[in-house]
Structures are given as structure tokens and as C-alpha cells.
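I have placed the structure first, in the form of C-alpha cells, so that the comments after it can refer back to it.
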Amino acid sequence: MKRKLLITLLGLLLTSISFAQTISIIGDTSPSGSWTVDTNMSTTDNITYVLYNAVLTSATGPSTGLKFRQDGNWTTNWGGSTFPSGTGVLNGPNIQTVAGTYDITFNRSNGTYTFIQTAGFPSIGIWGPAVDSQNGYAGPDVDMVTNDGINYTLSGFNFSSGNAYFRQDDNGTLVWGSTAFPTGIATTSGPSLFIPGGEWYVTFNRLTGAYSFTYPSVGILGTALPNGFSGPDTDLSTADGFTYTIDNLTLTDGLVKFRKDNSWDINWGSTDFPIGNGTQNGADIPVIAGTYNISFDRSTGAYQFNSTLSSSEFSLNGFSAYPNPSQNSWNLSGKEIIERIELIDILGKTISVIEPKSINFTIDGTALNNGIYFAKITTATSKHTLKLVKK
């Protein structure tokens with residue numbers, strides 16, 4: 001009796017094994033890279049099939065991609081029109097995959113599938129003589145940065161004049177190119193892109209091929225602006241990538257800094273206001289409330305805040321200068337003893353240093369050229385800067 005039962009159970013097991021279906025993925029973007037070689041999935045119930053850490057490439061059109069199929073033949077196969085998840089249909093279209101490493105699940109009963117990315121995003125680099133003038137295409141890429149595996153950026157790189165491609169995963173067969181500069185749509189295996197020498201801020205969309213090369217951005221942010229140091233930056237304008245300006249920017253009493261490409265990697269600051277030379281990771285710039293025309297030189301860090309205010313008397317925190325504008329002199333007065341006055345021209349050059357030791361003082365401007373000057377006032381407890389206009 002026991003022997004008969006054992007034979008019956010063994011027979012059922014063999015029958016179950018003999019009728020288990022094999023499910024695989026196949027296609028030119030599958031791990032095999034071929035429409036003739038399957039990559040088998042595993043199952044514990046003959047319904048849900050899984051494949052872990054499968055490395056896929058990107059589909060480039062309807063004739064590329066991958067499919068699920070049963071028992072290694074095309075009699076039963078599933079395709080789908082969505083990625084990374086969807087419902088496969090019998091003899092459906094090729095699934096348009098995006099390059100990456102995935103855990104794949106497929107349900108043989110209802111056709112549902114999911115591709116869950118498990119590894120880092122595909123790398124995108126710029127490759128060619130424009131990034132390695134010595135080795136050209138024999139040299140390495142300069143890698144771009146991404147947060148989503150789709151949009152990539154490159155900041156702070158100085159290009160040589162030359163040609164280059166966008167390239168994925170250091171693979172010379174996965175390249176995009178175009179003849180348009182500074183913006184365009186790169187196509188797979190397109191012509192190499194000519195890049196003029198200089199520093200460019202580069203963006204690239206891995207799915208659409210859209211790209212742009214622009215001058216690095218310089219923005220200003222801080223507590224003197226509504227959004228504080230959390231940003232976003234208020235960008236300055238540039239025509240050459242070195243001199244940046246913004247007009248009629250209203251600031252409150254507070255602190256600001258300049259930074260490049262909306263990142264703290266490169267930022268400039270100083271303790272001087274309204275003119276100074278910002279240094280990398282320097283101090284926050286103390287700003288006096290007002291409306292300013294601002295200029296900044298990215299190569300030297302030199303900056304100017306030029307007030308748009310013009311009146312017969314200019315006062316600030318209890319200090320005043322009058323007449324202002326003036327033809328010859330300015331009368332300065334305050335609520336504290338003025339220990340020191342530093343007179344500075346618009347280029348940041350110190351013209352004179354005076355120690356009045358008085359609440360009132362007259363600055364003689366008869367020998368000065370017409371223009372804008374700044375009086376940096378120091379008392380025992382504070383520092384202030386007044387704008388002076390000679391006409």
C-alpha cells in the first residue's frame with residue numbers, strides 16, 4: 001500500500017514538472033542582446049516568474065526592445081506598450097526598455113510585468129577631442145551628473161575646441177551626436193558635435209536627446225531676498241560668461257552670496273559692501289536695504305552694488321550724507337562717534353582713510369572726478385556704508 005502511494009505521488013510530481021512552462025525574456029535590449037537567445041526566468045508556482053539583476057540596454061525604436069515568451073518559441077509571447085510596468089498582450093509590440101539594471105517580474109496568468117531598477121543610473125559622458133585634446137576618442141569621458149537617470153548636467157568643465165559625442169556607459173556604440181550648437185536634438189549614432197573651447201554648462205536628456213550648452217549661471221541668494229539661502233537663486237545675466245549683471249534688484253537688510261550653477265560647490269562671499277572681491281566660500285556679504293544695480297565678475301570675484309537711489313540727502317541707520325549728489329563736499333553726521341571713514345571709488349580703490357573721532361564730519365570732494373563713491377563708516381559698535389555722488 002505504501003509503495004503504491006509513493007509511486008502515485010512520484011507520478012504526480014513528474015507530471016507537474018513535465019507540464020511546467022518556461023518563461024524567458026528575449027530581444028536586442030535583453031541581457032543576451034539577441035532575438036535568438038533567451039534569458040530564462042525562475043518561478044516557484046509556475047505563475048509568477050522573476051529575474052534578478054538583469055542588465056538591459058535602451059530601445060531605439062519599434063523594431064528594438066524585448067518580449068516575454070514561453071517555452072523558448074514564438075507560439076506564445078507577450079509584448080507591451082509601456083515601461084517600466086504594464087500588462088503584456090499576446091503577440092504585442094516590443095517593450096521599449098530604458099538602459100539599467102533591473103529586477104523583473106512577470107505573471108503568466110494575467111500578463112502583468114514590472115521592471116524595478118536595482119543599480120545606479122546609466123552613466124552619460126561627453127567623449128572626444130573636446131574633452132581630451134591629447135587622446136581624443138582614445139581618452140575617457142567626462143561624466144555628467146543625474147538625479148533621475150534621464151536629465152544629466154555638467155558644470156565647471158573647460159572644453160577644448162573640438163568634436164565630441166554624448167556617450168552612455170563608456171560604450172562606443174551607444175553615442176548621440178548632432179551638428180547644431182549650442183542647442184539641439186542629438187540622435188543615436190549621429191554626427192559628432194563641434195564644441196567651441198571654454199567653460200559651458202551642459203544639459204542632456206537621455207530619452208529625447210535634447211541638449212544645451214550655456215554659459216555658467218551666476219545667481220545671488222540669501223536672507224536679503226525672500227527665499228533666503230534655501231533659494232532658488234536670482235540669476236544675473238551675462239553676454240560673455242564672465243561679467244554678470246542684474247538691475248533694479250530690491251534687497252532688505254540681510255546677507256547674500258553669489259554662487260555658480262545653483263550649487264554651493266562654487267560660491268563667493270566677503271565682508272565688504274557695497275563693493276568688494278568675493279572669495280571662494282567667503283563670508284556672507286552684509287547688505288543694506290535698497291534697490292541696486294549689481295555687477296559681478298566671475299573671473300576675479302569683484303562685485304558692486306550700485307544703489308538706484310538719488311536724493312539731496314541719503315540717510316542710513318542714523319547716519320546721513322548731505323547734500324548728495326554734491327559738487328564739492330558731503331556733510332556726514334550720525335548718532336555715534338565716527339571712528340573711521342574709508343572713501344572708496346566705484347572700482348574698489350581706497351582713495352583716503354580718515355579718523356574724525358566726531359559725530360559730524362565733512363568730506364572734501366573738490367579734487368574728485370564726477371562719479372559714484374562710497375564712504376565706509378566705522379563706529380565703536382557698528383559699520384555702515386553710504387553711497388556718495390559727485391556731479
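The values are calculated or read from the model by the stated rules, or taken from the named source; none is laboratory data. None of the values given here were measured: they were computed from a predicted structure. Neighbour counts run over all protein chains shown; Cβ positions are idealised from the backbone, glycine included. Please note that ligands, DNA and RNA were not included when accessible areas were found on the heavy atoms of the full protein model with its side chains. Shrake-Rupley method; radii C 1.70, N 1.55, O 1.52, S 1.80 Å.
Numbers at a glance
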| read-out | value |
| --- | --- |
| Index of the failed condition, residue 263 passing every other in (1) open to solvent by 10 Å² or more (accessible area, probe 1.4 Å); (2) modelled with pLDDT of 95 or more | (2) |
| Matching residues, the range 131-148, being of a type in the set (A, V, I, L, M), assigned to a strand (DSSP E or B) and at pLDDT below 95 | 145 |
| Identity of the residue in the range 322-377, part of a loop (DSSP other than H, G, I, E, B) and farther than 26 Å from residue 294 by Cα, that ends up least open to solvent (accessible area, probe 1.4 Å) | 356 |
| All strands (runs of 3 or more DSSP E) inside the range 182-272 with 1 or more residues being within 23 Å of residue 385 (Cβ to Cβ) | 218-222, 243-251, 254-260, 267-269 |
| Verdict on residue 83 being touching a residue at least 40 places away in the same chain (Cβ under 8 Å) and in contact with a Gly (Cβ under 9 Å, 6 or more places away or on another chain) | no |
| Residues located in the range 238-274, provided they are of a type in the set (S, T, N, Q), more than 17 Å from residue 308 (Cβ to Cβ) and touching a Ser or Thr at 6+ places or on another chain (Cβ under 9 Å) | 238, 243, 262, 263, 270 |
| Any hit, the range 113-132, residues being crowded, with 16+ Cβ neighbours inside 10 Å, in contact with a helix residue (DSSP H, G or I) (Cβ under 8 Å, 6 or more places away or on another chain) and either closer than 30 Å to residue 24 by Cβ or touching a residue at least 40 places away in the same chain (Cβ under 8 Å) (or both) | yes |
| Scan of the range 133-142 for residues that are out of contact with any Lys or Arg (no Cβ under 7 Å at 6 or more places or on another chain) and crowded, with 16+ Cβ neighbours inside 10 Å, ordered by number | 142 |
